[in-house]
1. Take the solvent-accessible surface of the protein heavy atoms, probe 1.4 Å, and return the percent of it on the stretch 38-146 that carbon and sulfur atoms account for.
2. Just to be sure I understand: of the beta bridges DSSP finds with both ends in the chain, what percent are antiparallel, rounded to 5?
3. Using only the Cα atoms of the chain, what semi-axes does the equivalent ellipsoid have when each is the square root of 5 times a gyration tensor eigenvalue? Give whole Å, largest first.
4. Before rounding to the nearest 500, sum -39500 (n - 2.57) across all DSSP H runs of length at least 4 in the chain and divide by the residue total; then give [θ] at 222 nm in deg cm²/dmol.
5. Quick check on my link table: of Lys67/Lys91; Lys24/Lys135; Lys101/Lys139; Lys46/Lys139; Lys24/Lys54, which ones sit more than 19 Å apart, alpha carbon to alpha carbon?
6. Let me check I've understood the local charge: for Val22, count other residues with C-beta under 11 angstrom from its C-beta, Lys and Arg +1, Asp and Glu -1. What total comes out?
7. What shape does the stretch 45-101 have by the C-alpha gyration tensor, where a ≥ b ≥ c are the square roots of the eigenvalues, rounded means a/c under 1.5, and otherwise prolate means a/b greater than b/c and oblate the rest?
8. Counting only residues 5 or more places away or on other chains, whose amide H sits under 5 Å from the amide H of Leu108 once H atoms are built in the peptide plane?
Amino acid sequence: MEINILMVCLGNICRSPIAEGVLKSKLSSIHFRIDSAGTESFHVGKPPDYRSIKVASDHGIDISLQKARAFQVEDFNLFDKIYVMDRNNLKVIKQLAETSKQRDKVSLILENQEVPDPYLGDERDFKMVFGLLNKACDKIKFDLIN
């Protein structure tokens, strides 16, 4: 059985592409499908932010071929679990849900903490975000295989 996981942030160029790449690197099994999307569509078709690509590459993860896409309501039917990076995106995605079953698929990736948006920051901010997402993906992997 394949498990489908979606990572969501605002524009799908900073946080969620990193989260997608990190989790893919940890769950290389064919039993997992991992993707990412944004709640806004202003970057659709564009690659991740160059700083996201760099911080992932510094850890041996290539996310350079990813392309931003917008979250679609049908994603609720395609994915078993939807992880969002912050409370604003959590609210947006949950408001799009049509059923309680769909809403139950959505949660913050860090449970009680937000992943700060590094877009207006510098390389240090992207490194910090990578560290947070790396730990979060370790927990997701542990939960999935145990």
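The values are calculated or read from the model by the stated rules, or taken from the named source; none is laboratory data. This one's a predicted model, so the numbers in the text were calculated from it and none came from an experiment. So basically every Cβ, Gly included, is an ideal-geometry build from the backbone, and we count neighbours across all protein chains shown. We work out accessible area using only protein heavy atoms, side chains counted, and drop any ligands, DNA or RNA first. Shrake-Rupley method; radii C 1.70, N 1.55, O 1.52, S 1.80 Å.
1. Here it works out to 51 percent.
2. 0
3. Result for the chain: semi-axes of 21, 18, 14 Å.
4. -12500 deg cm²/dmol
5. Over 19 Å apart, Cα to Cα: Lys67/Lys91; Lys101/Lys139; Lys46/Lys139.
6. +3
7. prolate
8. Placed amide hydrogens put Val84 under 5 Å from Leu108.
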